[in-house]
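Colleague: Encoded as structure tokens, here's the structure I'll be asking about.
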Amino acid sequence: MRTVLILEDDIDFQPNFKSNLKRTLQEVNSHDPDWDLVYVGRKELSPNVESIIPGTKNLVIPRYSYWTLGYIISNRGAEKLIAGRPFDNILPVDEYIPIMYNDHPENDWVHYYENTTRDLRVYSAYPLLVYPTHFAGDKGWYSDTEPPIEVL
């Protein structure tokens, strides 16, 4: 298997998801045949810093991001993530991936992987192809990883 699409179970697909996913794969393969991971859904934390990669129409190089709503990972990308020995220092995957593409602001966490090659080649679809079904505070929002929001 060359690539795998991984999606969380609480996402909304944007219109034309399938054709946009195909376009994203064609574009990333044309731009960088050696890519490792392509986000199709994430929480952009630096949207004004990221810009479309010259020569592409819908790809950006992501900065530090939250969430792993959806992504495509290559076999080589999966091997790189495993080579980092993530079970030696358990972190949420949405923190581990930015460490592995060397764009994480928390040096206290990065230092656990200082002897690891952090050269994951990561791109992101722009605009994103999936979003969460609910955001914190929305009616029906539930998280098994976040504390509940208290209402006074």
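No lab work stands behind these numbers, since they all come straight from the coordinates. Note that this is a predicted model, so its numbers are computed, not measured. As a convention, Cβ positions derive from the backbone with ideal geometry for all residues, glycine included, and neighbour counts pool all protein chains shown.
Colleague: Restricting to segment 3-132, compute how many DSSP beta bridges are antiparallel as a %, nearest 5.
Modeller: So the antiparallel bridges in segment 3-132 amount to around 85 percent.
Colleague: Calculate the spin-label point distance for residue 89 paired with residue 48, positioning each point 7 Å from the Cα along the beta-carbon direction, and give it in nanometres.
Modeller: The answer from the label model is 3.2 nm.
Colleague: Please compute the net charge surrounding residue 102, taking Lys and Arg as +1 and Asp and Glu as -1 over other residues with Cβ under 15 Å from its Cβ.
Modeller: -2
Colleague: Normalising by the residue count of segment 3-132, find the relative contact order in percent from Cα pairs under 8 Å and 6+ residues apart.
Modeller: 39 percent
Colleague: Shifting gears a bit: About its Cα centre, what dipole magnitude does the chain give when the only charges are +1 on Lys and Arg Cβ and -1 on Asp and Glu Cβ, stated in debye to the nearest 20?
Modeller: 760 debye
Colleague: What's the ranking of 8-16, 22-30 by average number of surrounding C-beta atoms within 10 Å, highest first?
Modeller: Ranked by mean Cβ neighbours within 10 Å, highest first: 22-30, 8-16.
Colleague: Please list, in order along segment 27-36, the HN-Hα scalar couplings obtained from phi with the Karplus expression 6.51 cos²θ - 1.76 cosθ + 1.60 (θ = phi - 60°), rounded to whole Hz, x for Gly and Pro.
Modeller: Per residue, the Karplus-derived 3J(HN,Hα) values read 5, 5, 5, 6, 6, 8, x, 9, 4, 10 Hz.
Colleague: Now, a different point. Need the full-extension length gain, residue 56 to residue 5, defined as separation in residues times 0.36 nm minus the C-alpha distance. One decimal, nm.
Modeller: The span from residue 56 to residue 5 would gain 16.2 nm if fully extended.
Colleague: Under a point-charge model restricted to the Cβ atoms of Lys and Arg (+1) and Asp and Glu (-1), what is the dipole moment magnitude of segment 55-107 relative to its Cα centre, in debye to the nearest 20?
Modeller: Dipole about the Cα centre, nearest 20: 280 debye.
Colleague: Here are labelled values, [x] 24, 22, 14; [y] 32, 20, 12; [z] 35, 17, 16, and one is the computed semi-axes √(5λ) of the Cα gyration tensor in Å for what I pasted. Which one?
Modeller: Looking at semi-axes √(5λ) of the Cα gyration tensor in Å for this model, the match is [x].
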